[in-house]
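Below is one structure, written out as structure tokens; comments come after it.
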Amino acid sequence: EADIYQTPRYLVIGTGKKITLECSQTMGHDKMYWYQQDPGMELHLIHYSYGVNSTEKGDLSSESTVSRIRTEHFPLTLESARPSHTSQYLCASRSSSSGDRVADTQYFGPGTRLTVL
Amino acid sequence: SQQGEEDPQALSIQEGENATMNCSYKTSINNLQWYRQNSGRGLVHLILIRSNEREKHSGRLRVTLDTSKKSSSLLITASRAADTASYFCATLRTGVTGGGNKLTFGTGTQLKVEL
């Protein structure tokens, strides 16, 4: 069982609200990632971080923002939620890669299913 | 697209049969990994195969890798209803270091194993 947690698991919220999706891991991993995934569809990387105070945009443009003030914590924020933001959001972490088999494995949280009405 | 392609997109089989899923990718890789995702959940790592390996086994899973064709296959033998899930391949590229070295996920295969 991976030590990576996401809260809330489900969130239904009205348009225009500010929301923060929490993600934390206790494995001391440097690298953390946020993916957006619609049901039955592929994963789209929207943000990543390779350490404290580093954040980068992913392959898919997103109106969300992230922060990485502590190694274990990588929250995602939407300033003003819209129905187009309805999706599943998956957080993941990975140790710094040195070509080591274990270090290259990525661990995923259970996901947050967001519905914006 | 930088992402890999998987086929079939969906597969339905009877319990006890074998399930084979294929993954193709575009760049030189350090390793290729397979993940499983139950409906509405996060992904779980199943198996990793390095670029210098051709075949790996783990329980009922068998993975092959053909770097000349840039393709991999995942075989699940003697499938069970509990194997019903989506399966994703992911590749780690060579020649990229630091934070830019991200896993690239395929489009996924939805497997349904019926009783």
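What part of the accessible area of the protein assembly as shown, given as a whole %, is carbon or sulfur when the probe is 1.4 angstrom?
Within the protein assembly as shown, the accessible surface is 48 percent carbon and sulfur.
Based on the alpha-carbon set only, what is the convex hull volume of region A:27-70 divided per residue, in Å³?
That works out to 82 Å³ per residue.
Please compute how much accessible surface disappears when A pairs with B, both sides summed, using a 1.4 Å probe, and round it to the nearest 100 Å².
The contact between B and A buries close to 2100 Å².
In the protein assembly as shown, what is the volume of the convex hull around the alpha carbon atoms, normalised per residue and reported in Å³?
118
Pairs A:31/B:69; A:57/B:102; A:57/B:69; A:31/B:102: which exceed 20 Å Cα-Cα?
Exceeds cut-off: A:31/B:69; A:57/B:69.
Tell me, what are the semi-axes, in whole angstrom and largest first, of the equivalent ellipsoid of region B:1-102 as set by the roots of 5 times the Cα gyration tensor eigenvalues?
Working through the eigenvalues yields semi-axes of 24, 15, 12 Å.
In bins 5 Å wide, starting from 0, what share of all Cα pairs of chain A does each bin hold, as a percent?
In order of increasing distance, the bins hold 2, 12, 22, 26, 19, 11, 5, 2, 1 percent.
When the Karplus curve 6.51 cos²θ - 1.76 cosθ + 1.60 is applied with θ = phi - 60°, which whole-Hz ³J(HN,Hα) does each residue of region A:16-33 get, with x for Gly and Pro?
x, 6, 8, 10, 10, 9, 8, 9, 9, 9, 10, 9, x, 6, 6, 9, 9, 9
Karplus couplings for region B:74-81 from phi (6.51 cos²θ - 1.76 cosθ + 1.60, θ = phi - 60°), rounded to Hz, Gly and Pro as x?
10, 10, 10, 8, 6, 4, 10, 4
For region B:15-45, which residues drop by 50 square angstrom or more in accessible area between the chain on its own and all protein chains together (1.4 Å probe)?
In region B:15-45, residues shielded by partner chains: B:40, B:41, B:43.
What list of ³J(HN,Hα) couplings, whole Hz, do you get for region A:78-92 from phi and the Karplus terms 6.51, -1.76, 1.60, once you set θ to phi - 60° and write x for glycine and proline?
My calculation for region A:78-92 gives 10, 5, 8, 5, 10, x, 5, 7, 4, 4, 9, 10, 10, 9, 9 Hz in order.
Give the distance, in whole Å, between the Cα centre of region A:48-117 and the Cα centre of region B:54-86.
Between the Cα centre of region A:48-117 and that of region B:54-86, the gap is 28 Å.
The values are calculated or read from the model by the stated rules, or taken from the named source; none is laboratory data. Quick caveat: nothing in here was measured; it's all calculated off a predicted structure. SASA here: full protein model, heavy atoms, side chains in, ligands and nucleic acids out. Shrake-Rupley method; radii C 1.70, N 1.55, O 1.52, S 1.80 Å.
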